[in-house]
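J.: Dropping the structure in here first, questions after.
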Amino acid sequence: MSVLIAPSILSADFANLQRDIEMVNNSKADWFHLDVMDGVFVPNISYGFPVIKAIKKYAKKPLDVHLMIVDPDKFIQQFKDVGADVLTVHYEACIHLHRTVHAIKDAGMKAGVAINPHTSVHLLEDIIADIDVVNMMSVNPGFGGQKFIEHTYEKVETLKRIIDFAKSKAKIEIDGGVDLNNAAALIKAGADVLVTGNTVFSSADPSATIAKLKNI
């Protein structure tokens, strides 16, 4: 299976959001990646239910919703109601991660768990068989356009071994600083999904850039 490409809508032009949604629809991208920030878990605020509901109205591909918020359990059903297909919570934000993951699954979504750059992949060993997606942050969460953290490659390789050992079906998603220069190395290390923001939306031809990433 070729790598999945998930353009990050946080980097889209919000004054022309429908145009950018249609671009992703018509491109070789696989998912829409939506970052929800609360200004508490991360030092930034993005968008919430009304924007996701509006995106869902036009999106023809799955919505991969990444919650960078405290107490995500309170909102699981609401994210399902506005159209999330994959719902990712942060390991660092969940006191009872097993319960949260299964609540997401019970609501009818795929369950993702994100880990910050300083968080060891070994902390997911006891739950990896229950996870559909591991979102490995390759920058510190909160803002787009940050520099890729080189240690990510080693973490991907380690996580891949953990997934294989547990016979888990979890996909490895890389989020932050992904571009045409590091995509091939990430895929070689074991990445299944690449989240791309500025690389896509700041390029002269976003659709062509998505195609290049898809064909690596």
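Read-outs: derived from the displayed coordinates by stated rules, not from any lab. Predicted model only: the values in this text are computed from it and were never measured. Please note: Cβ atoms are built from the backbone with ideal geometry, for glycine as well, and neighbour counts cover all protein chains shown.
J.: Hey, what number do you get for the chain at 222 nm if only DSSP H runs of n ≥ 4 count, each worth -39500 (n - 2.57), divided across all residues, to the nearest 500? Show your work: numbers first, answer last.
T.: Values: 8 runs with 71 residues, N = 216.
My calculation for the chain gives -9000 deg cm²/dmol from helical runs alone.
J.: Specify the inter-centroid distance of region 1-61 and region 123-169, based on alpha-carbon positions, in whole Å.
T.: That distance is 21 Å.
J.: Could you tell me which of 65, 78, 31 has its Cα farthest along the dipole of region 14-123 towards the positive end, charges placed at Cβ (Lys, Arg +1; Asp, Glu -1), taken about the Cα centre?
T.: Positive-end residue among those listed: 31.
J.: Next question, about the same structure. Please work out the Kirkwood hydrodynamic radius for region 38-90, using every pair of different C-alpha atoms, and report it in angstroms with one decimal place. Walk me through the numbers before you get to the answer.
T.: Details: mean 1/r = 0.0870 Å⁻¹.
Result for region 38-90, one decimal place: 11.5 Å.
J.: For each pair in 74/160; 57/155; 74/147; 57/110; 60/167; 74/212, compute the distance between the two Cα atoms and list the pairs where it is over 29 Å.
T.: Where the Cα-Cα span goes over 29 Å, the pairs concerned are 74/160; 57/155; 74/147; 60/167; 74/212.
J.: Going by amide H atoms built from the backbone, whose H comes under 5 Å of the H on residue 171, apart from near neighbours?
T.: The answer is 133, 134.
J.: Grab the other residues whose beta carbon is less than 10 angstrom from that of residue 6, score K and R as +1, D and E as -1, and report the net.
T.: -3
J.: Note down the net charge around residue 76, summing +1 for each Lys or Arg and -1 for each Asp or Glu among other residues with Cβ under 14 Å from its Cβ.
T.: Every neighbour counted, the sum reads 0.
J.: Taking +1 at the Cβ of each Lys and Arg and -1 at the Cβ of each Asp and Glu, which of 16, 202, 165 sits farthest along the dipole of region 4-214 towards its positive end, judged by Cα position relative to the Cα centre?
T.: Result: 16, furthest along the dipole toward the positive end.
J.: While we're here: Per residue of region 51-59, in order, report the coupling 6.51 cos²θ - 1.76 cosθ + 1.60 (Karplus, θ = phi - 60°) as ³J(HN,Hα) in whole Hz, putting x for Gly and Pro.
T.: For region 51-59, the Karplus curve yields 5, 5, 4, 5, 5, 4, 4, 10, 5 Hz.
J.: Would you mind working out the magnitude of the charge dipole of region 4-214 relative to its Cα centre, with +1 at each Lys and Arg C-beta and -1 at each Asp and Glu C-beta, to the nearest 20 Debye?
T.: Dipole of region 4-214, to the nearest 20 debye: 520 debye.
J.: What shape does region 4-214 take by its C-alpha gyration tensor, where a ≥ b ≥ c are the square roots of the eigenvalues and a/c under 1.5 counts as rounded, a/b above b/c as prolate, and the rest as oblate? Can you show the working numbers first?
T.: Working: a/c = 1.56, a/b = 1.13, b/c = 1.38.
Oblate, because a/c is 1.5 or more while a/b does not exceed b/c.
J.: In the chain, which longest range has no trypsin sites (Lys or Arg not before Pro) that are both DSSP loop (not H, G, I, E or B) and surrounded by at most 11 other Cβ atoms within 10 Å?
T.: 61-146
J.: Using θ = phi - 60° and the Karplus relation 6.51 cos²θ - 1.76 cosθ + 1.60, list the HN-Hα couplings for region 206-212 in order, rounded to whole Hz, with x at every Gly or Pro.
T.: Result, ordered by residue: x, 5, 5, 5, 4, 4, 4 Hz.
J.: Sticking with this one: What net charge is computed for the residues neighbouring residue 105, neighbours being all others with C-beta under 10 Å from the C-beta of residue 105, Lys and Arg scored +1, Asp and Glu -1?
T.: Charge balance in the 10 Å sphere: -2.
J.: Convert each backbone phi in region 92-107 into a coupling constant with the Karplus relation 6.51 cos²θ - 1.76 cosθ + 1.60 (shift: θ = phi - 60°), then list the ³J(HN,Hα) values in order as whole Hz, x for Gly and Pro.
T.: 6, 9, 10, 6, 10, 4, 4, 4, 5, 4, 6, 5, 5, 5, 5, 7
J.: Evaluate the relative contact order of the chain (contact order divided by residue number), counting alpha-carbon pairs under 8 angstrom at least 6 apart; express in whole percent.
T.: 22 percent
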